[in-house]
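Report on one structure; see the data block that follows.
The values are calculated or read from the model by the stated rules, or taken from the named source; none is laboratory data. Remember, it's a predicted structure, so these values are computed and weren't measured experimentally. All Cβ positions, even for glycine, are placed from backbone atoms using ideal geometry, and neighbour counts span all protein chains on display. Areas reflect the complete protein model, heavy atoms only, side chains present, ligands, DNA and RNA absent. Shrake-Rupley method; radii C 1.70, N 1.55, O 1.52, S 1.80 Å.
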Amino acid sequence: MDITQLRYFLKTVEAMNFTRAAEGLFISRQALRQALSALERELGHPLFHTDHNRLFLTEYGEYLAQACTGAVKAFDDLEDNVKRFFGQQTPLRFAWSVSLSPYSLPELDRIVLRDFSAKFPHIELESLPCPADRVIDLLESGEADCGCVLQMPTPRSGYTATILRTSPVVIDSGKSSPYYGRPEVTLADLPSIPLIGMGALDRIARPLWEDCRRLGLKLDYHSVPNTIDALYLIRHGETSGLNTLSPTPAPNTAPEAPAERIPTILRGYTWELVLLCSQASPSYHAAQLLASHIVNHYRELFDGGRDTAREQDLIP
């Protein structure tokens with residue numbers, strides 16, 4: 001059983017007429033019948049039967065049509081993508097959250113993406129640094145083929161997610177905060193003090209946002225654009241930050257973290273540093289190459305502090 005036989009079979013199922021199916025495939029009726037007969041002999045059962053000169057599927061034909069339609073389409077898409085890659089430059093739009101620099105993904109734009117472009121000159125990589133919310137917007141609108149963001153675990157249908165690192169959710173607080181020095185807090189503690197984070201709760205912290213809605217908790221929460229602004233507000237104000245335990249950056253790649261940082265664990269929640277690749281994108285396989293490149297570059301950095309690193313297919 002090969003892909004050509006299955007294409008012939010599905011075309012015949014569509015036309016329910018050998019002559020019309022052969023014309024649509026640009027082959028002779030005899031060649032079509034021979035291919036289908038060979039498939040039936042291999043499977044050991046008839047796929048079609050005739051009644052009053054009309055063509056019908058047998059139960060085996062019905063099953064095969066159900067079983068192979070998705071596989072043939074996936075192969076056709078793969079064939080189109082491979083031909084496109086080999087035949088012309090492949091554009092790849094990569095959105096990434098600016099809040100990941102400098103601590104979570106040091107030197108991402110200046111070194112890692114530059115090295116990828118040097119290794120794969122056939123791929124026209126467009127780097128799209130933007131706020132975390134915007135990364136998700138660009139992916140959902142099809143304006144980006146893949147993206148990297150820090151989020152709480154959130155199923156996103158139609159994307160392949162490569163999880164670089166998981167870490168606890170922590171509350172970073174200045175000395176004037178009642179959270180300062182506490183080992184952990186619960187969700188019920190959060191409404192008592194202003195919070196900041198690098199993205200809207202319903203976009204990057206969906207599990208926490210849904211739990212707050214369910215429990216009727218109203219948070220005094222505001223989004224800030226980047227890590228540096230967040231750290232300044234935490235150290236000099238009375239606000240606390242919804243943050244993560246980032247790995248220690250490589251030497252000379254990031255500014256020193258604030259002194260006297262005493263993070264407080266938010267019990268029951270985790271962050272995922274995740275690469276999302278849209279399976280609907282024609283550049284999906286190029287996006288997977290980029291995901292592998294990023295994983296390999298940061299492997300040593302994350303191995304010391306990573307809880308898990310895995311790939312998940314999130315299509316339900």
Scanning the stretch 79-98 for residues that are open to solvent by less than 30 Å² (accessible area, probe 1.4 Å) and modelled with pLDDT of 85 or more, which turns out nearest to Cys148 (Cα to Cα)?
-> Trp96
Only unsatisfied item for Arg165, checking (1) assigned to a strand (DSSP E or B); (2) crowded, with 19+ Cβ neighbours inside 10 Å; (3) modelled with pLDDT of 90 or more, is (3)
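Any residue at all in the stretch 10-23 that's in a helix (DSSP H, G or I), over 38 Å from the mean Cα position of the chain (by Cα) and loosely packed, with under 12 Cβ neighbours inside 10 Å? Don't jump to the end; show me each part of the working.
First, the residues of the stretch 10-23 that are in a helix (DSSP H, G or I): 10-15, 18-23.
If we keep only those that are over 38 Å from the mean Cα position of the chain (by Cα) too, we end up with 18-23.
When the remaining residues are screened for being loosely packed, with under 12 Cβ neighbours inside 10 Å, the result is 19.
Scanning the stretch 10-23, I find at least one residue that is in a helix (DSSP H, G or I), over 38 Å from the mean Cα position of the chain (by Cα) and loosely packed, with under 12 Cβ neighbours inside 10 Å, so the answer is yes.
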Is it the case that some residue within the stretch 248-267 is modelled with pLDDT of 60 or more, in a loop (DSSP other than H, G, I, E, B) and hydroxyl-bearing (Ser, Thr, Tyr)?
-> no
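So which of His297, His293, His285 ends up being modelled with pLDDT under 90 and closer than 18 Å to Arg110 by Cα? If you could, list the steps in order and put the result at the bottom.
Numbers: His293 fails: modelled with pLDDT under 90; His285 fails: closer than 18 Å to Arg110 by Cα.
When all the criteria are applied, what remains is His297.
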Is it the case that some residue within the stretch 196-204 is closer than 15 Å to Ile265 by Cα and in contact with a Pro (Cβ under 8 Å, 6 or more places away or on another chain)?
-> no
Out of the stretch 216-234, which residues are open to solvent by less than 50 Å² (accessible area, probe 1.4 Å), out of contact with any strand residue (DSSP E or B) (no Cβ under 6 Å at 6 or more places or on another chain) and within 17 Å of Gly174 (Cα to Cα)?
-> Thr227, Leu231
Restricting the stretch 266-284 to residues that are farther than 30 Å from Asp77 by Cα and hydroxyl-bearing (Ser, Thr, Tyr), which is surrounded by the fewest Cβ atoms within 10 Å (Cβ to Cβ)?
-> Thr270
Out of all the residues in the stretch 130-151, is one or more surrounded by fewer than 17 Cβ atoms within 10 Å (Cβ to Cβ), in contact (Cβ under 8 Å) with a residue 40 or more places away in the chain, within 16 Å of Ile204 (Cβ to Cβ) and out of contact with any Lys or Arg (no Cβ under 7 Å at 6 or more places or on another chain)?
-> no
Among all residue pairs at least 6 apart or on different chains, which show Cβ distances below 7 Å where the first residue, located in the stretch 7-21, is under 12 Å from Leu47 (Cβ atoms) and the second is among the aromatic types (Phe, Trp, Tyr) and crowded, with 16+ Cβ neighbours inside 10 Å?
-> Thr12/Phe18
Any residue in the stretch 155-163 that is touching a helix residue (DSSP H, G or I) at 6+ places or on another chain (Cβ under 9 Å), without any contact (Cβ under 8 Å) to a residue 60 or more places away in the chain and within 30 Å of Asn296 (Cα to Cα)?
-> no
Return the total of residues in the stretch 130-162 being assigned to a helix (DSSP H, G or I) and of a type outside the set (Ser, Thr, Tyr).
-> 9
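Does the stretch 36-47 hold any residues that are farther than 14 Å from Val72 by Cβ and either in contact (Cβ under 8 Å) with a residue 24 or more places away in the chain or open to solvent by 60 Å² or more (accessible area, probe 1.4 Å) (or both), and which are they? Step through it out loud before you land on a result.
Taking the stretch 36-47 as the starting set, the residues that turn out to be farther than 14 Å from Val72 by Cβ are 36-38, 40-47.
Those that are farther than 14 Å from Val72 by Cβ and either in contact (Cβ under 8 Å) with a residue 24 or more places away in the chain or open to solvent by 60 Å² or more (accessible area, probe 1.4 Å) (or both): Leu36, Ala38, Arg41, Glu42, Leu43, His45, Pro46, Leu47.
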Can you name the residue in the stretch 168-214 that is surrounded by 15 or more Cβ atoms within 10 Å (Cβ to Cβ), small (Gly, Ala, Ser) and at pLDDT below 90 and, of all such residues, is farthest from the chain's Cα centre (by Cα)?
-> Ser177
